[in-house]
1. Keeping every protein chain present and rolling a 1.4 Å probe, give me the accessible area per residue for the chain in Å².
2. Could you look at the chain and say what percent of its accessible area is carbon and sulfur, using a 1.4 Å probe and all protein chains?
3. Mind checking the dipole of the chain: about its Cα centre, +1 per Lys or Arg Cβ, -1 per Asp or Glu Cβ, Debye to the nearest 20?
4. Within the chain, count lysine pairs with alpha carbon atoms under 29 angstrom apart where the residues are 8 or more positions apart or belong to different chains.
5. What translational diffusion coefficient, in µm²/s and rounded to a whole number, does the Stokes-Einstein relation yield for the chain at 4 °C and a viscosity of 1.567 mPa s, taking the hydrodynamic radius as the Kirkwood radius over Cα pairs?
6. In whole Hz, with x marking every Gly and Pro, tabulate ³J(HN,Hα) for the range 16-33 from phi via Karplus 6.51 cos²θ - 1.76 cosθ + 1.60, θ = phi - 60°.
7. Using the Karplus curve 6.51 cos²θ - 1.76 cosθ + 1.60 with θ = phi - 60°, what ³J(HN,Hα) values do you get for each residue of the range 69-85, in whole Hz, with x for Gly and Pro?
8. Using a Gaussian network for the chain with springs between C-alpha atoms less than 10 Å apart, which of these wobbles most: Glu111, Glu90, Glu22?
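The values are calculated or read from the model by the stated rules, or taken from the named source; none is laboratory data. Since this is a predicted model, take the numbers as computed values, not measurements. As a convention, Cβ positions derive from the backbone with ideal geometry for all residues, glycine included, and neighbour counts pool all protein chains shown. Areas reflect the complete protein model, heavy atoms only, side chains present, ligands, DNA and RNA absent. Shrake-Rupley method; radii C 1.70, N 1.55, O 1.52, S 1.80 Å.
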Amino acid sequence: MAKREEVDHLARRAGEFLKTAEYQAKEGMYALAIFSLEQALQLFLKSRLILHGVDYPRTHSIRRLLILLAEVSKGHEAWIRSILREKALEISFIEDAYISSRYFLRDFGEEEYRRVRSLVEEVMENLG
């Protein structure tokens, strides 16, 4: 797959996960909604790395992807680093959702969903 096609594919899939999260949240399935937000953000960040000429690492860590993007995205470096500091709790929620949705009995509520949704929207808006 060509790089542009891969970027478009990842961005489209990220949008699909966002829509899925909205549906899940409306149904009160907040843990699954946060998992879908994690998938959306992960794919979005990987698409941005490709745009910067970086082959993204095989990781699911939002924090690691943001750190790598800060290193290669000179125009957004300070903003990304501030998000890493100021939204550390939300980043923890979203990373926990990836693991706990599969293996642990961990529930998330509406407030956690709203906070994570806000983070995802802010990152996508500023880096999109």
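1. That works out to 55 Å² per residue.
2. Working: 3560 of 7050 Å².
Answer for the chain is 50 percent, counting heavy atoms of protein chains only.
3. Details: 20 positive and 21 negative charges, 72 e Å.
Taking the Cα centre of the chain as origin, the dipole is about 340 debye.
4. Taking the chain as the scope, the lysine pair count is 10.
5. For these conditions, the coefficient is 89 µm²/s.
6. 5, 5, 4, 5, 4, 4, 4, 4, 4, 5, 4, 8, x, 8, 5, 4, 5, 4
7. Karplus values, whole Hz, x for Gly and Pro: 5, 4, 5, 9, 10, 4, x, 10, 3, 5, 5, 4, 5, 5, 4, 4, 7.
8. Glu111
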